[in-house]
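Remarks on the structure that follows.
The values are calculated or read from the model by the stated rules, or taken from the named source; none is laboratory data. Given the structure is predicted, the values throughout are model-derived calculations rather than measurements. Counting neighbours? That spans all protein chains shown, and the Cβs are built from the backbone with ideal geometry, glycine included. Quick note on the areas: whole protein, heavy atoms, side chains included, nothing else; ligands and nucleic acids left out. Shrake-Rupley method; radii C 1.70, N 1.55, O 1.52, S 1.80 Å.
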Amino acid sequence: MLTLAAEKAGWGKQKPGNGYGIGVAMHRSFLTYVATVVQVQVDDAGKVRVNRVDTALDAGTIVNPEMIRQQVEGAAVMG
């Protein structure tokens, strides 16, 4: 999962300018493996902007794909 999320996020490529950061989080819960990569930028005034969030997960057999999408999007917003 980490490899997929990092690849989709462009991990290791040159990033634009100062104030730019990239971080990763991984977790296993309820038999689901999740990895998320977040790209952020801080301007000169100290304002933080989330530029991109890439998440990869393995939830096994998915019965309701819409519910999975909602859970992943909600987690990204709450995070």
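Worth pointing out:
- Only protein atoms count toward the accessible area here, which uses a 1.4 Å probe; on the chain, the carbon and sulfur part of that area reaches 56 percent.
- Take the chain with all the other protein chains still there, run a 1.4 Å probe, and you get 77 Å² of accessible area per residue.
- Taking Cα centre as origin and charging only the Cβ of basic (Lys, Arg, +1) and acidic (Asp, Glu, -1) residues, the dipole magnitude of the chain rounds to 140 debye.
- Rounded to the nearest 500, the helix-only mean residue ellipticity at 222 nm of the chain stands at -8500 deg cm²/dmol, with each DSSP H run of n ≥ 4 adding -39,500 (n - 2.57).
- Normalised size of the chain, defined as Cα radius of gyration per 2.2 N^0.38 Å with N residues, equals 1.23.
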